[in-house]
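**Q** Quick one: structure below, then a few questions.
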Amino acid sequence: MITYFTMDLPMIYKHCPENQTEETCPLRSYLNSDDSVFRILPFTHQLGRKTQDWTTVRDAVDKMYAMCDKCINKNIQHIK
């Protein structure tokens, strides 16, 4: 039986610039794209993996943190 675990990443719901919305957030755009190896679980701050390949998952997490770092650095004066 294949089981998938969920991930609760703070970057999904904390430390976003105040001027950032779901529509303008690069991370949300990535997560909602077909390129993402995750799916957003409705009504939670969790992500479910679409793959069992841990290397792919780890690379995606690094990519997501890089997106957030870039956004935070660009909008440092607007951080909540």
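Each reported figure results from applying straightforward, stated rules to the coordinates on display, with no laboratory input. Remember, it's a predicted structure, so these values are computed and weren't measured experimentally. Cβ placement follows ideal geometry from the backbone for every residue including glycine, while neighbour counts extend to all protein chains displayed.
**Q** Could you sort the peptides 63-71, 17-25 by per-residue average Cβ neighbour count (10 Å cutoff), highest mean leading?
**A** Numbers: 63-71: 15.7, 17-25: 12.6.
Descending mean neighbour count gives 63-71, 17-25.
**Q** If each of Asp34 and Ile76 carries a label point 7 Å out from its Cα toward its Cβ, how far apart are those two points in nm?
**A** Reported label-point gap for Asp34 and Ile76 is 3.9 nm.
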